[in-house]
Amino acid sequence: METRDVVIVGAGLLGCFAARALAAYALDVTVLEAREDVCTGVSRANTGVIYAGYDTQPGTLKTRLCVAGSRGMAALCRELDVPFSRCGSLMIACGEKAEAVLRRKYAAGLENGVEGLRLLTAGAVRAMEPNLTDRVTAGLYAPGAGTLDPWALGIAAFENAQANGVEFRFGQAVGAIRRNPGGFLLETDTETYQTRAVLNCAGLAADRVRELVEAPLVRIFPSAADYLVLDDLSRGFVRHVIFHEPEEKGKGLTLVPTVSGNLLVGPTERDMAVAPGATAAAGLAELRALCAQIVPDLDLDLVIRSFGAVRPNPYYVREEGGVWQPEARGIPSFTVLEEGGLVSLIGIKTPGLTCAKPLGDYAAQRLLAHLGGAARRPDFDPRRRGIPNLSAMAETERAALVLSQPDYGRIVCRCRGVSEGEVREAIRRGACTVDGVKRRTGAGMGRCQGGVCMERVLALLAEARGVPASAVCKDGAGSEVLHGTL
Amino acid sequence: MERYDLLIVGAGAAGMAAALGAVRGGAARVLLVDRGDRLGGVLPQCIHHGFGLSYFHEDLRGPDYAARFAALLADAPEVALRLDTTVLELSADRTALLSSRAGLERVAFRRCLLCCGAREKPIGALDVAGTRPAGVFTAGQAQKLVNLGGYDLGRRIVILGSGDIGMIMARRFTLRGCEVVMMVEQAAAPGGLARNLHACIEAYRIPLRLRATVTQVHGAARITGVTVRDLDTGAEELVPCDALVTAAGLIPERELARALLHGGTPPDWLGFSGNCEHIHEIVDSVTVQALALGERMAKM
Ligand SMILES: Cc1cc2nc3c(=O)[nH]c(=O)nc-3n(C[C@H](O)[C@H](O)[C@H](O)COP(=O)(O)OP(=O)(O)OC[C@H]3O[C@@H](n4cnc5c(N)ncnc54)[C@H](O)[C@@H]3O)c2cc1C
Ligand SMILES: Cc1cc2nc3c(=O)[nH]c(=O)nc-3n(C[C@H](O)[C@H](O)[C@H](O)COP(=O)(O)OP(=O)(O)OC[C@H]3O[C@@H](n4cnc5c(N)ncnc54)[C@H](O)[C@@H]3O)c2cc1C
């Protein structure tokens with residue numbers, strides 16, 4: 001059997017960035033992903049904020065990677081052709097307790113080496129963000145923070161890793177791992193893989209994947225979050241990422257002016273519902289109530305979508321009467337476990353998006369140390385070009401593109417102005433579901449939420465894949481959009 | 001750059017009638033643009049009867065109603081037609097940017113009439129919690145998929161909202177052998193026309209739950225059911241289904257005008273007709289309004 005150097009389990013942000021980091025070396029790397037596409041897990045349902053680095057404990061790996069990730073994000077996004085808005089963040093307080101938190105974060109930020117941090121008076125905050133409540137008493141401004149579409153970054157890393165020789169295999173859920181003299185033998189439903197080292201980036205399942213070969217040590221105790229998305233008619237309502245630090249116990253409000261001009265509101269923090277990823281009525285109501293307090297003029301009739309997310313909270317566990325119980329306190333830094341050629345990233349939550357590249361690099365270095373090093377590939381190219389984005393083009397440039405490739409002239413998605421050419425290109429690059437096309441092109445993300453374009457996207461997917469439309473899925477397996485043809 | 005007396009965006013009932021009205025008003029060069037590949041807007045997917053009762057004094061189906069105007073347009077050399085073409089933007093200098101497979105093109109016009117129809121409120125705009133599985137459709141989308149695509153959306157269907165489109169689709173699903181498990185309406189009275197209530201809901205004994213709403217969607221990959229809440233008692237009930245169709249209302253589609261408004265007022269060279277102006281229940285009133293407006297704009 002062919003022996004690989006590294007098998008990565010999971011193609012979320014972390015698996016994709018680790019793959020890209022390893023692609024710079026003369027190594028045989030394969031990524032096994034249970035789902036049909038990259039970035040369908042935690043990496044697609046999160047807040048999309050690039051954190052400046054004042055929220056985490058000084059001296060931890062998390063802080064080091066966050067500050068580095070944040071600083072390098074603009075250059076990384078240029079390299080990978082991903083839209084990034086370095087809009088800055090504004091943490092706001094409406095009282096003394098929250099102000100004390102702001103001062104603590106300011107001090108931590110200085111210690112962490114975050115640049116440009118400023119404590120602001122209420123007047124200065126309101127001058128920057130006139131739509132905030134006049135109950136604001138102070139602010140903490142971080143010019144280095146920003147936002148991007150998290151899946152866009154992950155997809156870019158995937159394409160770039162693939163272009164540099166990493167093999168991605170989808171529909172491959174790793175169900176068994178055995179150590180053997182050559183390293184590890186991994187089994188999925190259909191295949192076995194022999195590899196010298198394993199990188200476990202299985203997101204919410206990373207603890208279970210690790211326990212296929214190791215005894216329990218860290219387990220994930222998930223909690224849930226709810227979000228609202230507003231129509232891009234809300235563009236400009238706030239200009240910075242707003243973190244409202246609550247005066248009382250509980251979660252404050254976060255507002256993100258996204259790269260597409262929508263406003264993202266959330267997340268809440270609550271216990272898991274029965275269905276992972278579902279929103280809870282109470283959570284959505286809480287967001288609306290918080291908006292009424294913090295941004296009273298925000299028109300909530302502009303909501304076009306709500307979605308749920310799952311937080312992979314890691315805890316050390318110990319056995320008590322046959323049950324693995326969590327320690328009382330959570331783990332403050334990132335959990336990177338190294339166990340004889342098995343490197344596991346467990347419970348990487350915020351700011352895992354900000355840190356995706358440095359954490360991928362870090363994991364790659366751990367694996368290289370285990371493998372005894374490897375030569376750098378001279379032909380490694382870190383650059384990737386995105387799908388042409390028509391709405392960002394000048395008229396003449398766009399006209400020239402349509403002239404040479406007429407599919408770019410036919411508009412499919414009315415809200416975001418996405419053309420058939422972009423949809424076809426997304427499918428060529430690996431989108432195999434309606435949501436896969438949506439993440440790559442924005443088709444279906446606008447105010448009509450696919451009401452107009454879904455049918456056309458469905459037809460293009462069916463045509464490209466040579467299957468009937470009734471076989472095309474919205475998302476993962478079993479999510480056929482249609483019920484059949486009568 | 002091509003120049004026109006009147007640019008009409010959208011070739012549904014409103015756009016087609018407006019073009020004919022403009023010709024009647026003396027316009028020599030009218031450009032009628034639609035992003036779809038056929039004339040008629042929503043009419044081709046409305047394969048039920050009930051069109052033209054007052055305008056033609058006949059009970060026509062949607063496609064037939066559209067065909068009458070298409071025939072008149074075929075005899076109107078003053079009207080240039082561009083299908084499969086999207087108007088991307090309108091500028092204050094009275095030019096419009098058109099995009100199609102034939103190219104990206106700017107045209108100039110003296111007046112412009114928006115006949116862009118309406119869009120449906122998506123489920124995300126409603127206060128409905130739960131998962132976002134496959135099998136959730138808006139009513140107009142469902143109508144197009146079923147009537148023009150020939151697709152089957154589910155076998156046990158819940159319809160949220162009791163407007164005309166919802167009622168017509170309830171009958172359509174029933175006729176295709178699907179079970180409409182329930183139609184749920186938050187108001188105390190059904191939203192659509194009495195004739196549709198009778199012909200589509202009562203005639204097929206479709207359970208109509210008034211003062212109730214859907215609060216939650218269930219199902220991971222595909223929808224498995226919805227929670228229906230009685231708004232008077234607060235009681236909740238899990239209703240199994242394999243498709244949810246939302247008929248939660250139409251919003252006039254006026255995005256193209258947005259950049260041109262000054263304090264909410266459009267420039268005098270810009271008009272609106274049909275569902276783009278306000279939501280019309282009956283196509284005949286769209287036709288009458290658009291004919292008159294097209295004629296008036298041509299004379300202005
Ligand atoms: C609510 C929330 C908000 C957040 N907001 C931010 C933010 O604003 N800024 C920020 O910097 N970070 C944020 N984060 C953190 C960031 O989203 C995560 O750190 C990051 O997405 C984690 O990526 P991942 O690759 O570990 O996980 P995932 O994207 O979940 O990827 C794991 C992959 O492994 C696959 N998999 C699982 N089991 C197997 C198996 N047995 N075999 C094969 N494949 C398998 C899964 O299918 C999945 O594709 C947030 C996180 C949460 C939960
Ligand atoms: C399901 C349903 C059932 C109905 N049943 C009846 C009935 O039984 N009897 C009755 O009398 N009436 C009925 N009506 C009402 C009537 O049919 C409609 O009010 C009328 O057809 C609307 O016409 P319109 O031209 O305003 O809009 P539409 O038909 O929606 O046409 C708008 C057109 O504009 C195009 N467009 C929009 N933006 C652009 C752009 N930027 N560039 C290019 N093109 C664009 C669209 O593609 C579309 O073709 C029904 C309506 C619906 C939706």
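The values are calculated or read from the model by the stated rules, or taken from the named source; none is laboratory data. As the structure is a prediction and not an experimental result, all values here were calculated from the model. For neighbour counting, all protein chains shown are included, and Cβ atoms are generated from backbone atoms with ideal geometry for every residue, glycine included. Only protein heavy atoms, including side chains, enter the accessible area calculation; ligands, DNA and RNA are left aside. Shrake-Rupley method; radii C 1.70, N 1.55, O 1.52, S 1.80 Å.
Summary of computed values
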read-out: Accessible surface of the protein assembly as shown, 1.4 Å probe, proportion on carbon and sulfur as whole %; value: 51 percent
read-out: A:ILE427, B:ILE165, reordered so the largest accessible area comes first (probe 1.4 Å); value: B:ILE165, A:ILE427
read-out: Packing-based ranking, highest mean first, of A:11-24, B:129-142, A:268-281 given that Cβ atoms within 10 Å are counted; value: A:11-24, B:129-142, A:268-281
read-out: Probe 1.4 Å, accessible area per residue of chain A, Å²; value: 39 Å²
read-out: Region B:122-248 - share of DSSP beta bridges that are antiparallel (%, nearest 5); value: 40 percent
read-out: Between A and B, accessible area buried - total, square angstrom, nearest 100, 1.4 angstrom probe; value: 3700 Å²
read-out: Order of exposure, largest accessible area first, which applies to A:ASP301, A:ASP28 with probe 1.4 Å; value: A:ASP301, A:ASP28
read-out: Residues losing 40 Å² or more accessible surface upon assembly, region B:132-148, compared with the chain by itself, 1.4 Å; value: B:ARG132, B:ALA134, B:GLN141, B:LEU145
read-out: Rounded accessible area per residue of region B:1-117, 1.4 Å, Å²; value: 40 Å²
read-out: Rounded to whole Hz, the Karplus (6.51, -1.76, 1.60) HN-Hα couplings of region A:439-445, x for glycine and proline; value: 5, 7, 10, x, 5, x, 9
read-out: Shielded residues, region A:395-432 - accessible-area loss of 30 Å² or more between chain alone and all protein chains, probe 1.4 Å; value: A:GLU395, A:ARG398, A:VAL402, A:PRO406, A:GLY409, A:ARG410, A:ILE411, A:ARG414
read-out: Integer Hz, Karplus 6.51/-1.76/1.60 couplings in order for region A:254-269, x for Gly and Pro; value: 10, 10, 10, x, 6, 4, 8, x, 7, 10, 9, 10, x, x, 7, 9
read-out: Environment charge of A:ARG383, counting only residues whose C-beta is closer than 10 Å and scoring Lys/Arg +1, Asp/Glu -1; value: 0
read-out: Among A:151-163, A:373-385, B:115-127, the order from most to least packed when residues are scored by Cβ within 10 Å on average; value: A:151-163, B:115-127, A:373-385
read-out: Accessible area of A:ASP361 in the full protein assembly, 1.4 Å probe (Å², nearest 10); value: 50 Å²
read-out: Violating pairs (Cα-Cα greater than 24 angstrom) within the set A:LYS62/A:LYS357; A:LYS357/A:LYS474; A:LYS251/A:LYS438; A:LYS474/B:LYS121; A:LYS438/B:LYS144; value: A:LYS357/A:LYS474; A:LYS251/A:LYS438
read-out: List B:THR227, A:THR396, ordered by accessible area with a 1.4 Å probe, largest first; value: A:THR396, B:THR227
read-out: Aspartates and glutamates whose Cα lies under 18 Å from that of A:LYS97, excluding same-chain neighbours fewer than 8 positions away; value: A:ASP55, A:ASP134, A:GLU245, A:GLU247, A:GLU248
read-out: Sum of side-chain charges, A:GLY421 neighbourhood, beta-carbon under 9 Å (Lys, Arg +1; Asp, Glu -1); value: -2
read-out: Interface residues, region A:262-285 - accessible area loss of 40 Å² or more versus chain alone, probe 1.4 Å; value: A:THR279
read-out: Residue-by-residue Karplus 3J(HN,Hα) for region A:391-401, coefficients 6.51, -1.76, 1.60, Hz, glycine and proline x; value: 5, 8, 8, 6, 4, 5, 4, 5, 4, 5, 5
read-out: Nearest-10 value in Å² for the accessible area of B:ARG195, using the 1.4 Å probe; value: 110 Å²
read-out: Solvent-accessible area per residue for region B:122-248 (1.4 angstrom probe, square angstrom); value: 36 Å²
read-out: Size of electric dipole in chain A: Cβ of Lys, Arg +1 and of Asp, Glu -1, about Cα centre, debye, nearest 20; value: 680 debye
